[in-house]
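J.: Following this message is one structure expressed as structure tokens.
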Amino acid sequence: MRLNKYLALATGMSRRAADNAIDDGRVLVNNKRPEQGIQISDHDVVTLDGNVASPKQHVTIMLNKQIGYVCSRDGQGSKTIYDLLPESYYNLKPIGRLDKNSSGLLLLTNDGNLANELTHPSRQKVKIYEVTLNQPLQPLHRQMISDFGIELEDGLSKFELERRTDDDRDWIVAMHEGRNRQIRRTFKALDYTVIKLHRTHFGPYILADLKPGKTKNI
């Protein structure tokens, strides 16, 4: 097994981060500074910052996040997603986030490579949301969002829209990006308020019939 993969399995860091740690001299193999790309065998001792690094099993779960929970360990007075998880999952980190007032599919993992694969700007996956607005979306505004994009303070926001019901307040949003509160801010710029935002898909992962507050190993 290549050293960077070994470190990724042992620590949850990405292989790129592992390569950087090797270059910075933070990694030793049998008390010697290694070269990039060396193969690690069962009898080798690998340390990172002086601590022995041993590969651990990757765990990735899907959580159906409920409204009212924040995606952090310190809720600063709010409930956090870790209140929904058994203690054995406390070491997992969310891949992307959902704000406190949003619900739906949230992935958590200790696999740094998977997290990087799903969130890196060059490889970001499609995310799909069910959105309900406070008033019907006007056809012109739909065209502006889908065809031209809406200029926000952090850049242009553009995503696909599809009717979810016959009610023009109910929409399916599909997007590759994942900037902070991007969907809410995009509609707000056109004087709409998002009153429901529920994520159903993240790349190949689908929430399906997972009940609110429950988890599933994937």
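J.: Please count how many residues of region 41-79 are outside any loop (DSSP other than H, G, I, E, B) and surrounded by fewer than 11 Cβ atoms within 10 Å (Cβ to Cβ).
T.: Of the residues in region 41-79, 2 are outside any loop (DSSP other than H, G, I, E, B) and surrounded by fewer than 11 Cβ atoms within 10 Å (Cβ to Cβ).
J.: Right, next: Check residue 121 against each of (1) modelled with pLDDT under 95; (2) over 30 Å from residue 58 (Cβ atoms); (3) of a type outside the set (A, V, I, L, M, F, W, C) and name the one condition it does not meet.
T.: Evaluating residue 121 over (1) modelled with pLDDT under 95; (2) over 30 Å from residue 58 (Cβ atoms); (3) of a type outside the set (A, V, I, L, M, F, W, C) leaves (2) as the failure.
J.: Give the residues of region 28-40 that are in a strand (DSSP E or B) and closer than 13 Å to residue 5 by Cβ, sorted by residue number.
T.: Within region 28-40, 39 is the sole residue that qualifies.
J.: Just give me the residues in region 98-112 being without any contact (Cβ under 8 Å) to a residue 60 or more places away in the chain and not in a strand (DSSP E or B), in sequence order.
T.: 100
J.: Next up: Tell me which residues, restricted to region 39-89, are touching a strand residue (DSSP E or B) at 6+ places or on another chain (Cβ under 8 Å) and among the basic types (Lys, Arg).
T.: Across region 39-89, the qualifying residues are 65, 73, 79.
J.: On the basis of being in a loop (DSSP other than H, G, I, E, B) and either more than 20 Å from the chain's Cα centre (by Cα) or in contact (Cβ under 8 Å) with a residue 12 or more places away in the chain (or both), does residue 216 make the cut?
T.: no
J.: Within region 124-146, track down each residue that is modelled with pLDDT under 95 and either part of a helix (DSSP H, G or I) or of a type in the set (Gly, Ala, Ser) (or both).
T.: Matches in region 124-146: none.
J.: Just checking, which of 72, 78, 14 is among the polar types (S, T, N, Q) and more than 25 Å from residue 204 (Cα to Cα)?
T.: Matching residue, one of 72, 78, 14: 78.
J.: To continue, here is another question. So which residues in region 61-78 are of a type in the set (Val, Ile, Thr) and more than 15 Å from residue 95 (Cβ to Cβ), if there are any at all?
T.: Of everything in region 61-78, those that are of a type in the set (Val, Ile, Thr) and more than 15 Å from residue 95 (Cβ to Cβ) turn out to be 67, 70.
J.: Right, here's the next one. Just checking: which of the strands (runs of 3 or more DSSP E) contained wholly in region 147-206 hold 1 or more residues that are under 15 Å from the mean Cα position of the chain (by Cα)?
T.: In region 147-206, 170-175, 194-202 are the strands (runs of 3 or more DSSP E) which contain 1 or more residues that are under 15 Å from the mean Cα position of the chain (by Cα).
J.: In this structure, is residue 26 exposed (fewer than 15 other Cβ atoms within 10 Å of the Cβ) and not aliphatic (A, V, I, L, M)?
T.: no
The values are calculated or read from the model by the stated rules, or taken from the named source; none is laboratory data. Predicted, not measured: the structure shown is a model, and the values here were computed from it. Note: ideal-geometry Cβ built from the backbone for every residue, glycine included; neighbour counts use all protein chains shown.
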